[in-house]
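> Pasting a structure below so you can have a look.
The values are calculated or read from the model by the stated rules, or taken from the named source; none is laboratory data. Predicted, not measured: the structure shown is a model, and the values here were computed from it. Glycine also receives a Cβ, built like all others from the backbone with ideal geometry; neighbour counts cover every protein chain displayed.
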2 protein chains.
Amino acid sequence: MTSAGPHLSNSPVIGVFDSGFGGLTVLRALLAQMPYAQYAFLGDTARLPYGSKSQRTIARYAAESAQFLVHEQKAEFLVIACNTASALAMEAIQAAVPVPVLGVIEPGAAAAAAHSTTRNVLVVATEATVKSHAYAAACRRQGLRGVEKACPLLVPLVEEGWVDHPVTEQVVGIYVEELMAEARAAGQTPDTLVLGCTHYPLLRKVFESKVPAGVQVIDSAEATAAAAAGMLGLEGSRVGRDGAGEPRIRCFATDSVEKFERLGSRFLGHSVGEVTLVDLGG
Amino acid sequence: MTSAGPHLSNSPVIGVFDSGFGGLTVLRALLAQMPYAQYAFLGDTARLPYGSKSQRTIARYAAESAQFLVHEQKAEFLVIACNTASALAMEAIQAAVPVPVLGVIEPGAAAAAAHSTTRNVLVVATEATVKSHAYAAACRRQGLRGVEKACPLLVPLVEEGWVDHPVTEQVVGIYVEELMAEARAAGQTPDTLVLGCTHYPLLRKVFESKVPAGVQVIDSAEATAAAAAGMLGLEGSRVGRDGAGEPRIRCFATDSVEKFERLGSRFLGHSVGEVTLVDLGG
């Protein structure tokens with residue numbers, strides 16, 4: 001994480017990368033913070049989900065994706081809108097491209113630190129993110145103790161569209177119960193739960209209804225967007241406003257453009273527009 | 001599907017391919033039919049799941065995997081133990097390798113035809129398999145009418161280990177209900193349900209408890225193994241028995257060897273042994 005200030009052009013392209021389209025929840029948060037910037041979003045949909053793959057494979061895929069955004073789309077700043085890639089591939093990405101790179105883990109842990117008084121935090125994420133213990137490490141750096149749990153059913157439930165569904169409520173209830181039991185067994189009294197996967201903001205209300213009273217749910221997408229605006233010095237910025245007047249978003253996917261266009265709007269909150277198919281040679 | 005008889009060596013290597021380890025349910029059925037053959041199983045775990053990807057991508061991945069089994073592992077016969085690849089990549093695979101290739105779709109439809117008296121059949125499968133309508137076409141060729149349904153939550157539920165779990169029972173119940181409603185709306189009276197995904201045999205009992213009385217559940221893995229033995233002329237065969245006396249199984253994966261070894265036994269019914277990591281350049 002380097003300060004990018006002086007090297008940025010007047011209307012910088014912010015590259016946003018995810019293994020799929022879940023990262024559109026981060027793009028949505030970025031648009032709320034910096035509505036007039038330009039965005040290039042890449043979903044590596046041909047190779048998703050990263051969440052169940054190994055560190056070596058994820059690092060290679062993520063580096064190739066970052067290079068596409070920087071070399072082909074001229075991104076001057078990269079947001080890794082994918083918890084798994086942030087957890088397992090930050091070094092590989094930073095080594096692969098010459099621009100500042102921001103992941104979602106550190107901002108999520110920082111937001112948890114700002115909210116927690118007990119200093120005990122819960123994190124829900126994919127299998128690979130949890131296995132990396134990246135959130136536990138980031139929490140430690142913030143003076144927090146974090147208990148992590150993999151919730152592999154939640155991404156499929158969101159993609160099935162079962163966001164307000166009794167089965168999803170049950171599954172979230174089971175995961176939260178298991179997590180709380182684990183935290184209690186470790187003598188902790190958590191007051192904060194971090195949604196450590198970009199699909200999970202769509203389940204925020206379900207989580208809020210299932211956590212015990214007094215536990216606050218933190219969305220790492222919002223925390224990341226705020227951190228990006230801070231790093232770029234663009235909080236409430238007018239950058240790009242002299243241009244088209246509309247945020248300029250170009251979306252790319254390595255597969256399933258139709259599915260991306262259809263499901264993407266759920267995550268972005270409005271249409272993703274036309275999605276361009278790209279081949280990263282995978 | 002060519003007859004392979006005269007060109008086979010005495011103890012042929014049967015190559016078995018899946019995008020993951022679900023295809024081990026097919027290997028299990030093959031072992032029951034041909035216990036003394038040699039097997040090379042490849043799970044393209046780095047690029048799974050195929051079920052949510054496009055035809056073009058699936059065809060490329062499957063052809064590369066088939067070439068590995070034939071060129072590197074000397075397979076003389078290939079079983080595509082993956083419904084999605086069978087639905088979308090059979091031609092690409094047949095064009096890529098010079099050995100006979102058997103998929104799971106035709107045997108599944110043939111087994112349904114052997115059981116059904118109403119000639120109305122239900123098929124549950126992944127999103128990509130259903131979208132290809134490969135089962136509906138195979139059913140038509142058998143003189144059956146097939147109604148297909150994508151059940152994207154079932155693979156994650158099986159991989160979470162929630163095989164005997166109230167949530168899984170509910171989800172299967174919802175899918176079966178929706179499928180029956182669709183069949184009834186089309187004026188059909190189905191008496192057969194085909195499990196059109198290699199993960200689903202683990203949920204066979206759940207399906208059997210949820211389908212209406214009189215509906216038979218067909219496992220396409222078993223049907224495929226029987227068809228393979230028939231094509232190879234090896235029903236109840238002693239092929240290979242003169243060799244080691246044990247079935248010889250070599251397992252390969254493109255990623256997550258540890259996960260393959262851990263979860264694979266659930267599908268195979270016993271340990272998969274040591275799994276070798278291979279790089280298909282993906």
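> I'm trying to understand the selection: among the residues of the stretch B:20-64, which are of a type outside the set (A, V, I, L, M, F, W, C), within 14 Å of chain A (Cβ to nearest Cβ) and assigned to a helix (DSSP H, G or I)?
Passing the criteria: B:Tyr50, B:Gly51, B:Ser52, B:Gln55, B:Arg56, B:Thr57, B:Arg60, B:Tyr61, B:Glu64.
> Is it fair to say B:Leu157 is at the interface with chain A (Cβ under 8 Å from one of its Cβ atoms) and either under 23 Å from B:Pro107 (Cα atoms) or of a type outside the set (Gly, Ala, Ser) (or both)?
Yes: the conditions hold for B:Leu157.
> Also: Considering (1) more than 15 Å from the chain's Cα centre (by Cα); (2) among the small types (Gly, Ala, Ser); (3) modelled with pLDDT under 95, say which one A:Ala92 fails and leave the rest.
Answer for A:Ala92: the failing condition is (3).
> Residue by residue through the stretch B:55-67, note down the ones that are in contact (Cβ under 8 Å) with a residue 40 or more places away in the chain and surrounded by fewer than 22 Cβ atoms within 10 Å (Cβ to Cβ).
B:Gln55, B:Glu64, listed by residue number.
Conditions tested, residue by residue: (1) away from every other protein chain (no Cβ under 14 Å); (2) touching an Asp or Glu at 6+ places or on another chain (Cβ under 8 Å); (3) part of a loop (DSSP other than H, G, I, E, B).
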residue: B:Gly143; (1), (2), (3): yes, no, yes
residue: B:Lys149; (1), (2), (3): no, yes, no
residue: B:Val163; (1), (2), (3): no, no, yes
residue: B:Val172; (1), (2), (3): no, no, no
residue: B:Tyr175; (1), (2), (3): no, no, no
residue: B:Glu182; (1), (2), (3): yes, no, no
residue: B:Gly187; (1), (2), (3): yes, no, yes
residue: B:Arg204; (1), (2), (3): yes, yes, no
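> Here is a follow-up. Any residue in the stretch B:192-199 that is at pLDDT 95 or above and either assigned to a helix (DSSP H, G or I) or acidic (Asp, Glu) (or both)?
no
> Further question: Taking the stretch A:19-51 on its own, how many of its residues are surrounded by fewer than 24 Cβ atoms within 10 Å (Cβ to Cβ) and among the charged types (D, E, K, R)?
The qualifying residues number 1.
> Considering only residues of the stretch B:171-191 that are of a type outside the set (Val, Ile, Thr) and in contact with a helix residue (DSSP H, G or I) (Cβ under 7 Å, 6 or more places away or on another chain), which is nearest to A:Gly161 (Cα to Cα)?
B:Gly173
> Would you check if A:Ala85 is surrounded by fewer than 24 Cβ atoms within 10 Å (Cβ to Cβ) and either part of a helix (DSSP H, G or I) or at pLDDT below 95 (or both)?
No; evaluated as a whole, the condition is false for this residue.
> Test A:Val215 against the criterion of being more than 19 Å from A:Leu31 (Cα to Cα), touching a helix residue (DSSP H, G or I) at 6+ places or on another chain (Cβ under 6 Å) and more than 14 Å from every other protein chain (Cβ to nearest Cβ), and give yes or no.
When the stated conditions are applied, A:Val215 does not pass them.
> In the stretch A:176-186, is there at least one residue being at pLDDT 95 or above and of a type in the set (Val, Ile, Thr)?
yes
> Surrounded by 15 or more Cβ atoms within 10 Å (Cβ to Cβ) and out of contact with any Gly (no Cβ under 8 Å at 6 or more places or on another chain): which single residue out of B:Ala150, B:Ala185 fits that description?
Result of the check over B:Ala150, B:Ala185: B:Ala150.
> Next up: Quick one: which of B:Ala137, B:Ala110, B:Ala114 is touching a residue at least 24 places away in the same chain (Cβ under 8 Å) and either out of contact with any Asp or Glu (no Cβ under 6 Å at 6 or more places or on another chain) or within 14 Å of another protein chain (Cβ to nearest Cβ) (or both)?
Selected residue: B:Ala110, the only one of B:Ala137, B:Ala110, B:Ala114 that is touching a residue at least 24 places away in the same chain (Cβ under 8 Å) and either out of contact with any Asp or Glu (no Cβ under 6 Å at 6 or more places or on another chain) or within 14 Å of another protein chain (Cβ to nearest Cβ) (or both).
> If you go through the stretch B:66-100 one residue at a time, how many are within 14 Å of another protein chain (Cβ to nearest Cβ) and either under 26 Å from B:Leu31 (Cβ atoms) or touching a His at 6+ places or on another chain (Cβ under 9 Å) (or both)? Let's see the steps before the verdict.
Initial filter on the stretch B:66-100 (within 14 Å of another protein chain (Cβ to nearest Cβ)): B:84, B:88.
The next check asks that each one be either under 26 Å from B:Leu31 (Cβ atoms) or touching a His at 6+ places or on another chain (Cβ under 9 Å) (or both); those that pass are B:84.
Counting residues in the stretch B:66-100 that are within 14 Å of another protein chain (Cβ to nearest Cβ) and either under 26 Å from B:Leu31 (Cβ atoms) or touching a His at 6+ places or on another chain (Cβ under 9 Å) (or both) gives 1.
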